[in-house]
1. Go through (1) under 30 Å from P126 (Cβ atoms); (2) at pLDDT 80 or above one by one and return the number of the condition E59 breaks.
2. Considering the stretch 15-31 alone, what residues qualify as being touching a strand residue (DSSP E or B) at 6+ places or on another chain (Cβ under 7 Å) and at pLDDT 80 or above?
3. Identify, from the list V81, V76, V45, the residue that is at pLDDT below 80 and surrounded by 14 or more Cβ atoms within 10 Å (Cβ to Cβ).
4. Scan the stretch 27-50 for residues that are among the hydrophobic types (A, V, I, L, M, F, W, C) and either within 14 Å of the chain's Cα centre (by Cα) or not in a helix (DSSP H, G or I) (or both) and report the count.
5. Restricting the stretch 143-157 to residues that are buried (at least 16 other Cβ atoms within 10 Å of the Cβ) and out of contact with any helix residue (DSSP H, G or I) (no Cβ under 9 Å at 6 or more places or on another chain), which is modelled with the lowest pLDDT?
Amino acid sequence: MIELLVSISIIVLVLTITLTRQSSFNSAVLLRSEAFDMALAIREVQLSAVSAASDGSGEFRSTLGVRITANSNEYVLFRDVNGNNAYDPGSSEDYGSRAIIDPRFEIGSVDVGGDVGEITVLFERPNFDALFYDSARNLVDEPAARIQLRLKDTAAGDCGDQWRIIEITSAGQIAVENCP
């Protein structure tokens, strides 16, 4: 009887450890998936901007972009109709739809030579190059923008499987990285 109780307690202990690790593993997999989805959406905007196909507006030379705001769970894909290098809410600049991130995650920070809080990444035909604009619509001359995607309510110093970094270089490369 004692051997049976010891065996059952060992099985319960192993199951408890396994189930607690499973939830953190699921979060890490979902976070990675969200980061790759965001990177893919940015890549699709880039490819649409430089391709010869019409974007639905009848124009073949439109500037497309992505507006990313820190501490939010959405980013906006848009077509810069009026050439002001920014997204104008309520205008006809929507390109596709707002991209909503899973509610368990958020855009933690936006870093372009320092934490800027909001950035607009524009792509103009015929170049694959990315142009970075801050919230005041000023061109930011930096080699890369880094967007931190993280679990909600994660402290800034926490790392591990709780962050992913999406890096967009000025040369147009888009990559997803683990927390540094």
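1. Going through (1) under 30 Å from P126 (Cβ atoms); (2) at pLDDT 80 or above one by one, E59 breaks only (2).
2. L31
3. After applying the criteria, what remains is V81.
4. 10
5. Taking the candidates together, the pick is Q148.
The values are calculated or read from the model by the stated rules, or taken from the named source; none is laboratory data. These numbers come from a predicted model, not from an experiment. Cβ atoms come from the backbone with ideal geometry, glycine included; neighbour counts cover every protein chain shown.
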